[in-house]
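The values are calculated or read from the model by the stated rules, or taken from the named source; none is laboratory data. For clarity, every value in this text was computed on a predicted model and none was experimentally measured. Please note: Cβ atoms are built from the backbone with ideal geometry, for glycine as well, and neighbour counts cover all protein chains shown. Protein only, heavy atoms only, side chains kept; ligands, DNA and RNA dropped before computing areas. Shrake-Rupley method; radii C 1.70, N 1.55, O 1.52, S 1.80 Å.
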Amino acid sequence: MKFLCAVLSCASAVHAVGVGTCCTRLHQELGTKVSFLGQPAYDATESSYWSLQEAGLKPGCILRPSVPQDVSRAVAIIAPVDGCNFAIKGQGHAPAAGFANIDGGVTIDMTGLSTTLLSPDHSVLSVGAGASWLQVYQYLNPFNVSVAGGRNGLVGVGGLTLGGGISHFSPRVGWACDTVVNFEVVLADGTLTNANKSCHSGLYRALKGGANNLGVVTRFDLRTFSQGNLSVSSFVNTISQRGPVLRAFTDIVSSPKFDVYTSLVVGFLYNSSSKAWVISNSAVYTSPVLDPPVFAELAAVPSISNSSRITSLASLADEAPTPPLNWLFATATFKASAEFMLEIFDILNNTLYSFNPQGGVVWDVAFEPLPSMMLSHAAKTGGNVLGVRPEQGNSYIMLLSALWPDSVSNAVVEQVSRQAISTIESRAKAEGLLRKFQYLNYAAPYQTPLASYGADSVKFLQRVSRKYDPLALFQARVPGGFKLAKEGQL
Ligand SMILES: Cc1cc2nc3c(=O)[nH]c(=O)nc-3n(C[C@H](O)[C@H](O)[C@H](O)COP(=O)(O)OP(=O)(O)OC[C@H]3O[C@@H](n4cnc5c(N)ncnc54)[C@H](O)[C@@H]3O)c2cc1C
Ligand SMILES: *[C@@H]1O[C@H](CO)[C@@H](O)[C@H](O)[C@H]1NC(C)=O
Ligand SMILES: *[C@@H]1O[C@H](CO)[C@@H](O)[C@H](O)[C@H]1NC(C)=O
Ligand SMILES: *[C@@H]1O[C@H](CO)[C@@H](O)[C@H](O)[C@H]1NC(C)=O
Ligand SMILES: *[C@@H]1O[C@H](CO)[C@@H](O)[C@H](O)[C@H]1NC(C)=O
Ligand SMILES: *[C@@H]1O[C@H](CO)[C@@H](O)[C@H](O)[C@H]1NC(C)=O
Ligand SMILES: *[C@@H]1O[C@H](CO)[C@@H](O)[C@H](O)[C@H]1NC(C)=O
């Protein structure tokens, strides 16, 4: 079959003006979709960020597009204005400052683009890039189908999918990005086009992990699958049970017959004010089977509390928002080993135990399976750029997060997280257990997730970037997030 692919038009000439001019022109062309400091629409976007670090930045103006063509016009206006930098915001759940907001530039808040439409045969969901996963799950619930998306419903479709995306269903269908059949995307010159297996297939693959380096995605078309209710268990254990908990986790992760319905997060929490550790596990089974055998070993560990229920994804994902706090994410990936996880705990306890910054800090160390089963889907769906392959074997991802109320402590918390990650990485390396992969959606600003995809992926991304963004708009003028221009040099 022959497809007619949309062609690229030429980029416009560069004029040196500034952000003021750029906001004025946007306002002239897009009217009340553009807001300024002190106006309700501006404040609404500012107060919708998950972290205080993001909410604290003050853009010169905020654009809330309501149709994809608004984004197209906005990029065409912004691109030629030298010095007019911009940020792209989905549901604002990336914690680091500047990833989806900007001081003095233009923030494009995509949340108005959130329509959901299931294809007549129910096989593809088209969803606006600014939607939250909760909007998606609530829409899909009556149809008994689902898509692979965030576990917490408040998270955005845009950021999660462009950075990979771990869902409850990932062992069955892969990363969330692997389930994208088509991206509708605005390119650097303002062209609105579609990227899929048949048209712009390089861009299609590059967007699966390439984050905000290639364009502004306005719509995702996601492959659906039949899905009923889920089985949800939680277990809280004392820290003295870490041995058996980590053994159970490792047995699940490294099982040669990984059960594809497994969605497990083992979490260690540390409160610097009370100096107390506790273990909290979320064990989801994506089939309505109460207390499935795969979690039997974990369930048998003596617990402070435990619960099991059958529920829908729409209600499971409907989590209460957290109060305004500072947040930090950092990550690393390891080959499965219960002994090494105990070592990680000791390193963390040594690093964090006596650190009690002003206002206190809570550390949440989450371990999530990265089974080769999950990595086997990409090859069948046009590939992605994440660079993790099934033949590398079963691994797990560590997400180290910190939350703290007092912004005075930002620099020290970041520094301590860095020290913890670097000590853990060097131990893992020495023991041959470190994978190079750093999951972009969990990475700290001081990490280099794009480089972690490997040289082939980086070269491929650079090629696609040069083709679709010859003037490097998304490198130079969208400064937030992980940048190919920086990490490509590493
Ligand atoms: C409470 C919580 C739960 C989480 N749960 C999960 C989980 O279950 N699985 C998982 O994999 N991750 C999870 N994450 C991590 C999550 O994937 C990232 O935080 C992700 O960046 C959030 O996407 P967003 O659109 O909400 O974020 P934003 O901060 O709005 O965007 C994140 C990045 O993506 C870019 N971006 C967003 N939309 C677009 C677009 N349309 N076009 C181009 N670039 C865009 C932004 O520029 C920014 O750099 C979770 C995070 C939090 C805070
Ligand atoms: C969805 O599943 C429920 C329960 O099995 C059933 O009652 C309902 O008819 C199904 N809906 C559709 C659209 O298939
Ligand atoms: C693929 O993209 C082309 C344009 O680039 C578009 O015409 C076509 O409908 C897209 N295919 C799918 C399956 O979305
Ligand atoms: C941490 O411990 C302190 C002191 O016990 C308590 O007041 C605070 O609520 C705890 N914080 C969290 C997030 O649990
Ligand atoms: C689970 O909780 C129940 C009470 O809610 C308790 O009786 C039981 O011992 C717990 N299971 C384990 C393994 O600790
Ligand atoms: C699924 O779980 C919900 C509760 O979240 C319940 O109301 C509904 O009846 C369940 N559906 C089926 C088919 O069991
Ligand atoms: C953490 O470290 C402190 C200080 O060295 C020590 O007293 C404590 O026992 C450790 N906690 C655990 C659970 O090992």
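In the set A430, A451, A402, A443, only one residue is more than 16 Å from ligand 5 (Cβ to nearest atom) and surrounded by fewer than 16 Cβ atoms within 10 Å (Cβ to Cβ); that residue is A430.
Under 6 Å between Cβ atoms, at least 6 apart or on separate chains: pull out the pairs that start in the stretch 75-91 with a residue that is assigned to a helix (DSSP H, G or I) and end on any residue that is open to solvent by 20 Å² or more (accessible area, probe 1.4 Å). What qualifies is I77/R25. Which of the residues spanning the stretch 151-166 are buried (at least 24 other Cβ atoms within 10 Å of the Cβ) and out of contact with any strand residue (DSSP E or B) (no Cβ under 8 Å at 6 or more places or on another chain)? The answer is G159, L160, G163, G164, G165. Answer yes or no as to whether S198 is of a type in the set (G, A, S) and open to solvent by 30 Å² or more (accessible area, probe 1.4 Å). In short, yes.
The sole residue among Y285, Y261 that is closer than 18 Å to H377 by Cβ, assigned by TED's automatic domain parsing to the domain that holds Q438 and more than 16 Å from ligand 2 (Cβ to nearest atom) is Y261. If only residues of the stretch 298-321 that are open to solvent by 70 Å² or more (accessible area, probe 1.4 Å) and not acidic (D, E) are counted, the one that is farthest from ligand 2 (Cβ to nearest atom) is P302. The residue of the stretch 93-115 that is least open to solvent (accessible area, probe 1.4 Å), among those that are hydroxyl-bearing (S, T, Y) and touching a residue at least 24 places away in the same chain (Cβ under 8 Å), is T107. Of the residues D70, D103, the single one that is assigned to a loop (DSSP other than H, G, I, E, B) and touching a Lys or Arg at 6+ places or on another chain (Cβ under 7 Å) is D103.
Consider the stretch 261-275 and keep the residues that are open to solvent by 40 Å² or more (accessible area, probe 1.4 Å) and closer than 12 Å to V362 by Cα. The one that is farthest from ligand 1 (Cβ to nearest atom) is K275. The condition of being modelled with pLDDT of 95 or more and on the phi < 0 side of the Ramachandran plot holds for only one of F36, F3, that being F36. Taken over the stretch 201-220, the residue count meeting the criterion of being over 16 Å from A79 (Cβ atoms) and part of a loop (DSSP other than H, G, I, E, B) is 4. Here is the figure for the stretch 364-417: residues that are closer than 16 Å to A336 by Cβ and of a type in the set (S, T, Y) total 3.
Output yes when any residue across the stretch 155-165 is touching an Asp or Glu at 6+ places or on another chain (Cβ under 8 Å) and either away from ligand 2 (no atom under 16 Å from the Cβ) or not charged (D, E, K, R) (or both), and no when none is. Looking through the stretch 155-165, none of the residues is touching an Asp or Glu at 6+ places or on another chain (Cβ under 8 Å) and either away from ligand 2 (no atom under 16 Å from the Cβ) or not charged (D, E, K, R) (or both). Scanning the stretch 416-425 finds no residues that are in a loop (DSSP other than H, G, I, E, B) and aliphatic (A, V, I, L, M). Checking each residue in the stretch 277-291 for being away from ligand 6 (no atom under 16 Å from the Cβ) and either over 29 Å from the mean Cα position of the chain (by Cα) or in a loop (DSSP other than H, G, I, E, B) (or both) picks out only D291.
Taking the criterion of being over 27 Å from the mean Cα position of the chain (by Cα) and within 16 Å of ligand 4 (Cβ to nearest atom), the residues of the stretch 292-323 that qualify are I304, S305. Within the stretch 429-442, the residues that satisfy the criterion of being under 22 Å from S457 (Cβ atoms) and touching a Ser or Thr at 6+ places or on another chain (Cβ under 9 Å) are L434, R435, K436, F437, Q438, Y439, L440, N441, Y442.
Just the residues that are buried (at least 16 other Cβ atoms within 10 Å of the Cβ) and within 13 Å of ligand 7 (Cβ to nearest atom), please, taken from the stretch 350-364. Result: T351, L352, F355, W363. Looking at this structure, is F258 assigned to a strand (DSSP E or B), farther than 19 Å from L313 by Cα, aromatic (F, W, Y) and open to solvent by less than 20 Å² (accessible area, probe 1.4 Å)? Taking the combined requirement at face value, the residue does not satisfy it.
When each of N213, N326 is tested for being within 16 Å of ligand 4 (Cβ to nearest atom) and open to solvent by less than 10 Å² (accessible area, probe 1.4 Å), the lone residue that passes is N326. Mind checking which residues of the stretch 31-67 are part of a helix (DSSP H, G or I) and of a type in the set (K, R)? K33 - this is the single residue of the stretch 31-67 that is part of a helix (DSSP H, G or I) and of a type in the set (K, R). As a summary of the residue check, L140 satisfies the conditions (1) surrounded by 21 or more Cβ atoms within 10 Å (Cβ to Cβ); (2) within 13 Å of ligand 1 (Cβ to nearest atom) except for the one numbered (2). Would you confirm, using the coordinates I've provided, whether A366 is within 16 Å of ligand 4 (Cβ to nearest atom) and not assigned by TED's automatic domain parsing to the domain that holds S47? Considered against the rule, which asks whether it is within 16 Å of ligand 4 (Cβ to nearest atom) and not assigned by TED's automatic domain parsing to the domain that holds S47, A366 comes out as yes.
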